[in-house]
Amino acid sequence: MTIDKITQAQVSGETSLSAVATQSTSLSVLIVEDSPTQAKLLNISLRRLGVDVEWLGTLSDALTRLKQPGIDVVLLDLSLPDSTGLATFHRIHNLNVSIPIVVLTGLDDQRVALEAMQSGAQDYLVKGRASDDSIVRCLRYAIERNRIELALRESERRTRQIIENSFDAFMAINGNGIVTDWNLKAEKMFGFTRNEALGKHVTELVSPSIPMERKLDSLAQIISQESSDMLNTRRETLALRKDGSEFPVEYGFFRVKSKDGYIYCSFLSDITERQEIERKRKQINQELERMVQERTAELQRSNEELHQFAKVASHDLQEPLRSIEGFAQLLAKRYRGQLDKDADEFIDFILEGTARMEQLIQAVLVHSSIGEEAETLENPMTDVNSVIKEVLANLRQSIQERGATFQVGPMPTVPVTRSQLIQLFQNLISNAIKYTGANATPSVSISAELNVNEWMFSIQDNGIGIDSKYADKIFDMFARLHGRTKYSGTGMGLAICKKIVTAHGGRIWMESEVGHGSIFFFTLPAKTPSKE
């Protein structure tokens, strides 16, 4: 496989870059990913953020490329055609330890993630959970962390000296709990000079309000010869100053081998200010939570009222509309051609307007009922393959008229009612056919990919495309980017799609470039969520 470099014109719909990208120098990323859809999405997202991207689909091609210069960081999937699991990571890491590696995979396994990080991976990201900006930040941080780690290995002694001269208070005790070292920061924090502190038992520096049995138990855990939760763990306690006042500290012990056994070292921080900030933050959060709960209850009441209003209003509007339509049809039947040309045109306007109003009312009713259905129905597992077959059958006439072609990959089953899936796919596929230039043959590609606990679907067309500044607006109710005379419709199709997807906890978005087609992405759960 050759290196797949996708040009800026192919993947970018806007020339403006994210603040994440513009704040740093150019970044060259090698994506090692066997999924064309995932790679395409990453290419689009990262290039929009100002990142130079190369994509390879196999481990062997990646190893060949990394023998050459020009790569700052590797974004690696652990499941490749010629290698899977951590063996994939080790092969690349062993080739060149100076190039940082960030794992981006659909495998949500804490054990694998921990082992990868322990083996030298700079980060472990799960597909579908990391935003575009966070991936770019992670890549830049990975490069910086890798550089720091290399420097740390080269100057371990100097780094240890820097840590020992920390601005935090430093204390060391022996295996009997006696203070053996004490720095200047500790003198200022506790009020004891170094000479006064040396020889004290560590329990004398802890508030008398804490029972001695508890103090001795903690000390026993710290100086245990076996691995202990107390070692290398930040904890909090109430410390005692020379003047008898108490204050909260955060501390952590680590063990250092000496000729006489072990020395137990600790860095301590006065967290009085932090606890006060935390107390105020909790008060503010409690107040905000109360306000949010009140606001949520108010919005729920308002939404329910709007929902009921939409149903009642739509129902009441249909009765006079049917009367208007009926009398307009009578006029057309009895008097078409008997009056003047303007009268015939006026009758057509009335019939066209009533038909459009009826479509809008039905669309509003469908839109208002989606959330209600998602809450009340026990959604069975629906086969998306059969849904797409039914949708293509429903659209047979327009498909034949335009000569549209389709490429449909393997589809999963998802916990969404069949009727809503038909609405979702039919709206998106019919748009792909409708918004293809008059002189072009519609070509539509449909695929699905599993990311942890959700399916990501994509519907790609070769249509007229959409300016990316309208990417969010197109999902609004009654949104239309073109006049009714050019493209028919109510402007409710994508709003209904969005409501179906979000009602099931998914997301829907669009990537497009004017004149170069569009890709609609949406996610749906892989299994029915458990009800607590």
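Rounded, prolate or oblate: which fits the stretch 176-277 when a ≥ b ≥ c are the square roots of the eigenvalues of the alpha-carbon gyration tensor, with rounded for a/c under 1.5 and prolate only if a/b beats b/c? Judged from the Cα gyration tensor, the stretch 176-277 comes out prolate (a/c at least 1.5, a/b above b/c). Roughly how many whole Å is it from the C-alpha centroid of the stretch 250-273 to that of the stretch 44-95? Measuring centre to centre over Cα atoms gives 41 Å.
Full extension of the chain segment joining residue 178 with residue 254 gains 25.8 nm, where the gain is 0.36 nm per residue of separation less the Cα-Cα distance.
Fully extending the segment from residue 67 to residue 332 would add 87.6 nm, taking 0.36 nm per residue of separation and subtracting the current Cα-Cα distance. Label-to-label distance, residue 196 versus residue 232, with points set 7 angstrom from Cα along the beta-carbon direction: 3.6 nm. Once the Cβ-Cβ distance between residue 301 and residue 396 is put in as r, and R0 is 35 Å, what FRET efficiency do you end up with, to the nearest 0.05? After rounding, the FRET efficiency stands at 0.20. Modelled spin-label separation between residue 203 and residue 349, with each label point placed 7 Å from Cα along the Cα-to-Cβ direction: 9.7 nm.
In the stretch 396-480, taking the dipole from charged Cβ atoms about the Cα centre, the farthest positive-side position among 432, 408, 445 is held by 432. A simple packing score, the average count of other Cβ atoms within 10 Å per residue, orders the peptides 341-349, 125-133 as 125-133, 341-349, with the highest score first. In terms of the Cα gyration tensor, with a ≥ b ≥ c the square roots of its eigenvalues, is the stretch 409-448 rounded because a/c is under 1.5, prolate because a/b exceeds b/c, or oblate? Oblate.
Heavy-atom accessible surface of residue 187, to the nearest 10 Å², is about 50 Å², with a 1.4 Å probe and all protein chains retained.
Taking all protein chains together, 411, 291 sort by accessible area into 291, 411, largest first [probe 1.4 Å]. Given +1 at the Cβ of Lys and Arg, -1 at the Cβ of Asp and Glu and no other charges, the dipole of the stretch 97-136 around its Cα centre is 80 debye to the nearest 20. Using a ≥ b ≥ c from the Cα gyration tensor of the stretch 42-82 (square roots of the eigenvalues), is it rounded, prolate or oblate, where a/c under 1.5 gives rounded and otherwise the larger of a/b and b/c decides, a/b for prolate? It is oblate, given that a/c is not under 1.5 and a/b is not larger than b/c. Take each peptide in 196-206, 34-44, count the other Cβ atoms within 10 Å of every residue, and average; sorted highest first, the result is 34-44, 196-206. Can you figure out the FRET efficiency of residue 413 with residue 134, using R₀ = 35 Å and their beta-carbon distance, to the nearest 0.05? Efficiency, rounded to the nearest 0.05: 0.70.
Here each label is just a point 7 Å from Cα along the line to Cβ, and for residue 275 and residue 381 those points are 5.3 nm apart.
You can think of it this way: the chain between residue 262 and residue 514 has 83.9 nm of extra reach, that is 0.36 nm per residue less the Cα-Cα gap.
The values are calculated or read from the model by the stated rules, or taken from the named source; none is laboratory data. Here the structure is a predicted model, which is why all the values come from computation and not from measurement. Note that each Cβ is placed from the backbone with ideal geometry, even for glycine, and that neighbours are counted across all protein chains shown. We work out accessible area using only protein heavy atoms, side chains counted, and drop any ligands, DNA or RNA first. Shrake-Rupley method; radii C 1.70, N 1.55, O 1.52, S 1.80 Å.
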